[in-house]
Amino acid sequence: MNIVIGNGIINSKMVLVGGGNMDSKSFRRNIGMVVFCIFLNTLGKLIAAGLKLPIWLDVVGTCVAAYFTGPLGAVISGAAGNLLFSMLTGGKWTYMIVNASIGILFYVCVRRGYLDKSDTAVMSSFLLGIIAVILSTPLNLYFNAGKSGNFWGDVFFDMMEWYGAGRAICSLGAEAVIDIVDKPVCVLIAYILIRVILKYRGIRWERYDDIIRALVLFALVLALLAQSFVMDVHAAEVGNELKERNFDENYVETIYDSRSGMPYSEANSIAETADGYIWIGGYAGLTKYNGKEFEFINGITGVYALMTDSRGRLWISTNDSGVVVYENGAFYNFTVEDGLPANSARALVEAPDGSIYVGTTGSLCRIWVEDGKLSDITVITNGAEYAVSLTMYGEKLIGAANSGNLFVLENDKLLYKVEPHLDNTYYTCVSVVDRHLLVGTSESHVEELQIFRNMSVTSRRIELGGFINIRDIRACGDGRVWICADNGIGYLKDDQERNWSFYTQHYDGFDASILDIHEDYEGNIWFASQRRGIMKLSKGRFSDLFSLSGINPVSVNVVCEHEGSYYCGTDSGLVIVKEGRYGRLENEISEMLRGVRVRSIMKDSNGTMWFCTYGKNGLMSVNKKGYINSINSHKRATDDRFRCMIELKDGTLAVGTADGINFVDDDHVIGTLTQDDGLENSQILSLCEGADGTVYATTDGAGIYTIKNGKIVKNISIADGLTTDVVLRLVPYADGFFVVTDNSLCYMKDDAVTHLDSFPYYDNFDILIDKNNAYVLTSAGIYMVDAHKLRTNSIETYKLFNYTDGLTQSITINAWNFIDKDGRIFFCGNKGVSCFKPEEVLDVSRDYKFGISVGLSDGTAIAEEDGVYTIPPNVKNFTVKASIRKYSLSDVKTKFFIDGINDGVKAVSSYEVEPIQVTNLKHGTYPVHIQILNEEGTKILQEHEYVLRKEAHVWENAWYLMYLFAVGIWVISFTVWIGLTLVNTFRRRRQLEMLRRELENKVNIQTEEIRTQAEKMEVFQWEVIEGMASLIESRDGNTGDHVKNVSKYVSIIAQEMLHMRLYSNVVTPKYVDIITKVSPLHDVGKIKISDVILNKPGKFTPEEYEIMKNHAAFGGMIVEDILGNNATPEMKQIAKDVAYYHHEKWDGSGYPEGKAGCDIPLAARIMAVADVFDALVSKRVYKEAFEIEKAFDIIKEEAGKHFDAEIVRVFLKKKELIINEIKTAPHANKS
């Protein structure tokens, strides 16, 4: 950039605002220029702000004003421009300080000629930018939290703050990226404008006032209409497909209330939206549930009924707030103000055309809602008042009224009403099941009605036992018609001929005020209770025999199948459950064992049932004929506490007790083993027989005993490989045994034990073998593993069945369990007996309903828009949660991950899916995946993909990076250019310095030579002067020593005065030097006195004396001529004082002017003492020399009269030195 301002344009004749003489025309011209420059500043900043330019453009006018009108005009235009912009846009007016300062500095640059050359012009503009940064940054920090107010600068501020820079540094950088570009640009534009103005300065612009005004107005409008960039984001849509479900008859109940996460413990209604959320309505409000978390919806209370329509909208009837519709994440409320008959609504149903019938406590109405707005409403007032239940029966609307009647409508017209057939009975609810209308009553029955146009017919009445006040009837996919009432839950099930049978279901803790039924997309059945919360019935692999049979929970020790029934031994007796109807049976055996602890039950090869009990019954047996026999300690048994038994191959029973082993045959004890026989620990836990007839007995602390032919032959313990000596069970497999200890699993073959450490669990109770699978019963559930891999200690995969599959109780330790011929496992638990169907595969192939939620650290949720979750750019931390809306007990392998963040995540249980914490995510689009996999985790069965879009910070966009790159290039280029310029400047300076030093050296040499010559000339000059003075003195008969002596005395006196700091303002080293040099000229005036007078040996006549006195005046006149022009004024003055006044006396009696005291120049007073003293001690033609002491006495006597007493005191102080000088002088007076 070459900025050259012509010579002569800016000079001392330049007319400035407020400076110099200014005529009215110039004043008006300058005022107009200032106004124009204010407009330039305002327009520039409006354009820059409107177009979001990375510059201010607000000092162009300021620079122009500084050029044409001077500093005051620049200050006014800069400040006023900022003020006007602030008024137009609401900005801060305090920044006028910066603009005014820039104007002054630009004026200084112009005045000093910095803009006359390209290098200094560029440097000046860059310097203006730096100064603007320094001035603006404190204002930004104080008024604007550090931000500059410019889009580009604020983006840079955000970027630096994002990466952890301090606010002051961020503010400085943000202002710098704008100003270091803005100021050179403004200077360039100002330069162009200045050249244009100078070129057309003579034009009379008033001719074009209208055009100029129009152009200015047009430019201002353009600036105000400037818009910022708009970025459009298009996101992909993701969706689900809903499939029909298959169902099973086994259900496990789960109750939810305030103790299990619900906000409250009451519910009036349950519904489900298409996204899989369960909605729970109660008087306390509305709650949303996703299978894992409950979310309370604020702002909605008194919910009475819920319904979802065919368009996926959720309808909410409230007790006092009308009807609410939930659609696309928003709630829309309609009340009596919108036309509803009443704000209390009780029933909802959708008509075939998509409209909604609403039963209020007033009249029935029909409403149409589109896009959250009530488009139409029809109030039906022909007898259909206060509906509490509604259903569509083809084109007819059937409703149960609060009065207890039914009403039938068609095309919103009442056809007729139906009265209950029984006295004191009223209709409570209506439902259509497989084209049959079922009507609930207040008594214990349901009626099936046939509806005709003019009448209805009750085709049957279905009795429901003791149920009262039927609340809801709902057909579900399991083939059952579920019914809920004020006092319980049950279901109807029909045969091929539609003969309904009713089954009552008992669920502890959920038996009161049950109002609503809902079946979700997985086939789970939900119930809402006004007093108990909600309950879910879910399909599972486990059936709880005791719960289904209505038996109170009790811990069970053994279960054994016999003739289609299950004999369950407990610590308090025998429980018999009949398969097929699951009803509890009683017989003679259960009566005998009432209150007795039953530890084991077995059916032998003859069909005899054996019972190990604690107490007098001991080992009890019942043969096929019903004969009961008991063996106890009275019949040679080792103890009455029988624990376990096994039938040996020879038909003998080996029976373990708390104190040894009994061998029984034909109901008699034929042998025993006790501590006396080598059983160190006689607490037998289990018995097992090997292929060779060897009997193995496991103990509670002594390992395993090996028994052959009724004798103990070996004890297998920790030393033989057991992990502990407490062994619960031996299970034959292959050619050995699985060993269940109390801390691991082992395998024993040929009495050698191997620890099976590949099995993943330690607290194991029993092993059941079925085909190729081993089922290990543990405290964590049931593990299913490959039996061969368990045997070879090479387990890689396994399946654990636990509470997620419907297990509702803990498995009993050291209990006796079995697998039936169908592969069903019957096992004992702390609440009864459960049946487990491992081969039954639950339906995990369904399309689960998924979703994700994105929440910020402050709890703010990110809403989904068109399938995309958009994260604002300034968010550092957020959480992505997977919402797998799965309510069934079947578990599935699930992977939840975000591409590029946690791709390598492993598949886990759907219940173990954890939220993903995301920190400092780069901008971009990230697919979020939820995958359902097979049990091995190798095949994706279902996948949902969502879109997570992190918005880019402005600084992450390519265009902003290009801008920063351009600014960086500009700064680097300028820095390099400045560096090179400075290097060249320094190089030239070094060269000039070398030349200067050489020249200075030469000058010094020449100066030294000149000084030496001058010193020589000066010495020569003084020698001449002194010789001349001596010559003059010799005319009156004196030797030339007088001038020398006087010079010495003057020097001594002056030196001592300097030392004593007398007259310090006058007596300086220089003064001492001068007076010493000029003292020989004190009598130079005698050159004009006649030799006759000078050499007269006698006393002068008065006339002669008067002539003689003239020598002082003559000396004062000629001494300047003697010294010449080279003498300094100070030297001339001192020499004149010495020559002219040295005969003046202190008391005023001297000559030539009769001065007295301090009026006599100091040099003359010093000279007077020295001159008189030397005259006294020297011989003259008219006298002899006085003695030295006498001379000192005379000087002393004349102090204060002839001489200055202070100088006399100094003179006397140097008496010794003076005497020494006299005596060492060549012609000295030795006396």
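The values are calculated or read from the model by the stated rules, or taken from the named source; none is laboratory data. If you're wondering where the values come from, they're calculated on a predicted model, not measured in any experiment. Cβ: placed from backbone, ideal geometry, glycine included. Neighbour counts: every protein chain shown.
Exactly one of these conditions fails for TYR95: (1) part of a helix (DSSP H, G or I); (2) surrounded by fewer than 21 Cβ atoms within 10 Å (Cβ to Cβ); (3) of a type outside the set (Val, Ile, Thr). Give me its number.
(2)
If you go through the range 1164-1182 one residue at a time, do you hit one that is under 29 Å from ARG1061 (Cβ atoms) and not in a helix (DSSP H, G or I)?
Checked against the condition, which is being under 29 Å from ARG1061 (Cβ atoms) and not in a helix (DSSP H, G or I), the range 1164-1182 yields no hits at all.
Checking the conditions here, which among GLU1144, GLU1120 is assigned to a helix (DSSP H, G or I) and either over 30 Å from LEU1212 (Cα atoms) or over 60 Å from the mean Cα position of the chain (by Cα) (or both)? Walk me through it before giving the result.
On the way: GLU1144 fails: assigned to a helix (DSSP H, G or I).
Sole residue among the options that is assigned to a helix (DSSP H, G or I) and either over 30 Å from LEU1212 (Cα atoms) or over 60 Å from the mean Cα position of the chain (by Cα) (or both): GLU1120.
Looking at SER590, SER621, which one is outside the structural domain of THR652 (by TED's automatic domain parsing) and either out of contact with any strand residue (DSSP E or B) (no Cβ under 9 Å at 6 or more places or on another chain) or of a type outside the set (A, V, I, L, M, F, W, C) (or both)?
After ruling out the rest, the residue left standing is SER590.
Of these, TYR926, TYR960, which one is touching a residue at least 40 places away in the same chain (Cβ under 8 Å) and either surrounded by 14 or more Cβ atoms within 10 Å (Cβ to Cβ) or more than 16 Å from VAL892 (Cβ to Cβ) (or both)?
TYR960
For THR137, state whether it is touching a helix residue (DSSP H, G or I) at 6+ places or on another chain (Cβ under 6 Å) and at pLDDT 85 or above. Spell out how you get there, then give the answer.
On the way: touching a helix residue (DSSP H, G or I) at 6+ places or on another chain (Cβ under 6 Å): yes; at pLDDT 85 or above: yes.
When the stated conditions are applied, THR137 passes them.
Take the residues of the range 356-395 that are surrounded by fewer than 16 Cβ atoms within 10 Å (Cβ to Cβ) and among the charged types (D, E, K, R): which is nearest to VAL303 (Cα to Cα)?
Once the filter is applied, the top-ranked residue is LYS373.
Which residue pairs have Cβ atoms closer than 6 Å, lie 6 or more positions apart in sequence or on different chains, and pair a first residue in the range 511-537 that is touching a residue at least 40 places away in the same chain (Cβ under 8 Å) with a second residue that is among the acidic types (Asp, Glu) and assigned to a strand (DSSP E or B)?
ASP516/ASP472; ILE517/ASP472; ASP520/GLU272; ILE525/GLU519; ALA528/ASP516; MET535/GLU253; LEU537/GLU253
Give just the number: which of (1) part of a loop (DSSP other than H, G, I, E, B); (2) crowded, with 17+ Cβ neighbours inside 10 Å; (3) modelled with pLDDT under 85 does VAL841 not satisfy?
It fails just one condition, (2).
Among the residues of the range 896-912, count how many are touching an Asp or Glu at 6+ places or on another chain (Cβ under 7 Å) and of a type in the set (Lys, Arg).
Applying the first criterion (touching an Asp or Glu at 6+ places or on another chain (Cβ under 7 Å)) to the range 896-912 yields 897, 909-911.
Right, trim to of a type in the set (Lys, Arg) and you get none.
Matching residues across the range 896-912 total 0.
Going by what's in this entry, would ARG949 be described as loosely packed, with under 14 Cβ neighbours inside 10 Å and modelled with pLDDT of 85 or more?
no
Suppose we filter GLY806, GLY832 for residues that are in contact with a helix residue (DSSP H, G or I) (Cβ under 7 Å, 6 or more places away or on another chain), in contact (Cβ under 8 Å) with a residue 60 or more places away in the chain and closer than 30 Å to VAL575 by Cα; which single one remains?
GLY832
Residues checked against (1) modelled with pLDDT under 95; (2) within 27 Å of LYS789 (Cβ to Cβ); (3) surrounded by 15 or more Cβ atoms within 10 Å (Cβ to Cβ):
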position	(1), (2), (3)
ASP677	yes, no, yes
ALA697	no, no, yes
VAL727	no, yes, yes
VAL731	no, yes, yes
ASP735	yes, yes, no
ASP742	yes, yes, yes
LEU745	no, yes, yes
MET748	no, yes, yes
LEU756	no, yes, yes
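Any residue in the range 892-915 that is of a type in the set (Val, Ile, Thr) sitting within a Cβ distance under 7 Å of a residue that is surrounded by 14 or more Cβ atoms within 10 Å (Cβ to Cβ) and at pLDDT below 85? List the pairs, counting only those 6 or more apart or interchain.
Every condition considered, the pairs that remain are VAL892/VAL844; VAL892/SER910; THR894/SER910.
Cβ-Cβ below 9 Å, separation at least six or inter-chain, first residue in the range 53-79 and at positive phi, second in a loop (DSSP other than H, G, I, E, B): which pairs?
Within 9 Å, the pairs are GLY70/MET14; GLY70/VAL15; GLY70/VAL17; GLY70/GLY18.
Determine which member of the set ARG1035, ARG1061 is at pLDDT 75 or above and either over 12 Å from LYS1077 (Cα atoms) or surrounded by fewer than 12 Cβ atoms within 10 Å (Cβ to Cβ) (or both).
Values: ARG1035 fails: at pLDDT 75 or above.
So the residue among ARG1035, ARG1061 that is at pLDDT 75 or above and either over 12 Å from LYS1077 (Cα atoms) or surrounded by fewer than 12 Cβ atoms within 10 Å (Cβ to Cβ) (or both) is ARG1061.
Quick one: would you say ASP353 is in a loop (DSSP other than H, G, I, E, B), under 52 Å from the mean Cα position of the chain (by Cα), more than 21 Å from LYS417 (Cα to Cα) and not small (Gly, Ala, Ser)? Give the steps one after another, and end with the answer.
Working: in a loop (DSSP other than H, G, I, E, B): yes; under 52 Å from the mean Cα position of the chain (by Cα): yes; more than 21 Å from LYS417 (Cα to Cα): yes; not small (Gly, Ala, Ser): yes.
When the stated conditions are applied, ASP353 passes them.
Residues that are under 19 Å from ILE534 (Cα atoms), at least 2 per element: which strands (runs of 3 or more DSSP E) completely within the range 272-348 meet that?
Answer list for the range 272-348: 278-282, 285-289, 294-297, 303-308, 314-318.
Give the residue that is modelled with the lowest pLDDT, with candidates limited to residues of the range 1186-1231 that are under 20 Å from VAL1043 (Cα atoms) and polar (S, T, N, Q).
ASN1229
Could you tell me which numbered condition ASN814 fails, if it satisfies all but one of (1) among the polar types (S, T, N, Q); (2) under 21 Å from TYR567 (Cα atoms); (3) in a strand (DSSP E or B)?
Tallying (1) among the polar types (S, T, N, Q); (2) under 21 Å from TYR567 (Cα atoms); (3) in a strand (DSSP E or B), ASN814 fails exactly one: (3).
Against the conditions (1) part of a loop (DSSP other than H, G, I, E, B); (2) in contact with a strand residue (DSSP E or B) (Cβ under 7 Å, 6 or more places away or on another chain), where does SER758 fall short? Just the number, please.
The failed condition is (2).
Can you pull out the residues in the range 1159-1173 that are surrounded by fewer than 22 Cβ atoms within 10 Å (Cβ to Cβ) and more than 20 Å from ILE1074 (Cα to Cα)?
Listed by number, the residues that qualify are ASP1159, VAL1172.
Taking the options GLN917, GLN931, name whichever one is surrounded by fewer than 16 Cβ atoms within 10 Å (Cβ to Cβ) and part of a strand (DSSP E or B).
GLN917
If only one of PHE157, PHE126, PHE106, PHE85 is in contact (Cβ under 8 Å) with a residue 60 or more places away in the chain, in a helix (DSSP H, G or I), touching a Lys or Arg at 6+ places or on another chain (Cβ under 8 Å) and not β-branched (Val, Ile, Thr), which one is it?
Only one candidate qualifies: PHE126.
When you scan the range 825-834, do you find a residue that is closer than 30 Å to SER600 by Cβ, part of a loop (DSSP other than H, G, I, E, B) and in contact with a Gly (Cβ under 9 Å, 6 or more places away or on another chain), even just one?
no
Looking at this structure, is THR137 assigned to a helix (DSSP H, G or I) and more than 20 Å from GLY78 (Cβ to Cβ)? Before you say what the answer is, go through the steps one by one.
Values: assigned to a helix (DSSP H, G or I): yes; more than 20 Å from GLY78 (Cβ to Cβ): no.
In short, no.
Going by what's in this entry, would THR378 be described as in contact (Cβ under 8 Å) with a residue 40 or more places away in the chain and of a type in the set (Val, Ile, Thr)? I'd like the intermediate steps shown before the answer.
Details: in contact (Cβ under 8 Å) with a residue 40 or more places away in the chain: no; of a type in the set (Val, Ile, Thr): yes.
So THR378 does not fit the description; no.
Go through the range 895-912 and give me each residue that's more than 18 Å from LYS799 (Cα to Cα) and not in a strand (DSSP E or B).
Step one: of the range 895-912, the residues more than 18 Å from LYS799 (Cα to Cα) are 896-905.
Across the range 895-912, the qualifying residues are ASP899, GLY900, ILE901, ASN902, ASP903, GLY904, VAL905.
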